[in-house]
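What follows is a set of notes on a single structure, which appears directly below.
The values are calculated or read from the model by the stated rules, or taken from the named source; none is laboratory data. Since we're looking at a predicted model, the values are computed, not measured. Note: ideal-geometry Cβ built from the backbone for every residue, glycine included; neighbour counts use all protein chains shown. Quick note on the areas: whole protein, heavy atoms, side chains included, nothing else; ligands and nucleic acids left out. Shrake-Rupley method; radii C 1.70, N 1.55, O 1.52, S 1.80 Å.
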Amino acid sequence: MEPVLILDPSEHYRPDFRKDIENFRNYEDFDDKNSKENDTHPNRHIIDRVRRTYLDMHTSQCVDFVKAKREKWLKFNKCQMTVMEAMELLNQLVDESDPDIDLPNIMHAFQTAERIREAYPDHDWFHLTGFIHDLGKVMALWGEPQWCVVGDTFPVGCAFGESIVYQSSTFGKNPDLHHPIYSTKNGMYQEHCGLENVFMSWGHDEYLYHVLKHNNTRLPEEALYMIRFHSFYPWHHGRDYMHLCSEKDTRMLPYVLEFK
């Protein structure tokens with residue numbers, strides 16, 4: 001299997017490497033103007049990579065695209081492996097959408113699990129959820145472009161939320177942008193229909209959620225919400241799409257927020 005974006009992250013493994021919490025998910029330097037003018041930016045390669053990933057994602061993720069990906073991947077016929085075997089594959093993947101980290105995803109998995117264990121030592125299901133939450137990214141190692149594997153997720157089939165990253169500059173060529181139904185607030189959904197009835201943009205969150213359900217996971221519902229919606233920042237961070245949420249979604253939102 002060909003590696004995807006293998007980088008040398010050795011300096012970032014050092015225990016004195018830190019990033020201030022207020023600077024996480026900082027996309028302010030990533031707009032068109034700054035990325036063109038600031039050629040000497042120390043993270044220029046990450047800036048270009050992140051914006052390209054979201055432009056490709058927002059151009060292509062539409063209702064028909066998501067239906068095609070669900071048809072392809074939810075047959076669960078690609079491979080059979082243990083969780084640790086899949087984790088080892090993540091050594092070959094660096095997330096192109098993440099402005100905060102330029103590391104293989106297996107490192108992020110261990111960091112997340114250990115941080116949760118420190119905060120919640122008695123919640124073993126929570127530790128496991130943190131460890132596996134990005135496991136669906138293995139799709140990139142089966143030939144999927146990273147823009148339909150990684151990055152923030154959002155519903156398709158309705159108007160694109162205002163808080164989506166690069167919302168104003170990257171959806172111009174999306175096939176659903178001017179659709180008479182999909183471009184409206186509720187789109188093809190009923191108000192408060194529940195997120196379980198909404199088609200999310202295709203990515204690792206959705207894939208892993210369905211893999212777990214297919215294999216009759218014993219993880220609690222709270223864990224499944226964390227896995228399925230942890231990249232749904234326009235909802236849990238931007239508070240968009242609340243009009244589609246059911247009472248259950250509202251009840252589960254604090255668990256997703258605690259995970260983030």
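Annotations
- Share of carbon and sulfur in the accessible area of segment 120-260 stands at 50%, probe radius 1.4 Å.
- For segment 48-93, the extents of the C-alpha atoms along the principal axes are 34, 29, 10 Å, listed from largest to smallest.
- 25 °C / 0.890 mPa s Stokes-Einstein diffusion coefficient of segment 131-182, Kirkwood radius on C-alpha pairs, µm²/s: 189
- Note on GLN190 and ARG251: with the Förster distance fixed at 25 Å, the Cβ-Cβ geometry gives a FRET efficiency of about 0.85.
- Close amide H pairs (under 5 Å, H built 1.01 Å from N) link GLY187 with ALA159, residues at least 5 positions away or on another chain.
- Per residue, in Å², the accessible surface of segment 141-260 once ligands and nucleic acids are set aside, probe 1.4 Å: 44
- Whole-Hz Karplus values for segment 230-243 come out as 5, 9, 7, 4, x, 8, 7, 10, x, 6, 7, 6, 5, 5 Hz, taken residue by residue from phi with 6.51 cos²θ - 1.76 cosθ + 1.60 and θ = phi - 60°; glycine and proline positions read x.
- Whole-percent pair-distance distribution, where bins are 5 Å wide, for the alpha carbons of segment 143-260: 2, 11, 20, 24, 21, 13, 6, 2, 0
- Given charges at beta-carbon only (K, R positive; D, E negative), |dipole| of segment 180-240 in Debye: 60
- Loop-located GluC sites (Glu not before Pro) in segment 172-234 whose Cβ has at most 11 other Cβ within 10 Å (DSSP): GLU191
- For segment 87-221, average projected area of the Cα convex hull in nm²: 10.1
- Near-label residues of segment 45-65 by backbone N, under 20 Å of a point 7 Å along Cα→Cβ of LYS213: 62-65
- The slack between ARG52 and ASP124, meaning 0.36 nm per residue of separation minus the straight C-alpha distance, is 22.2 nm.
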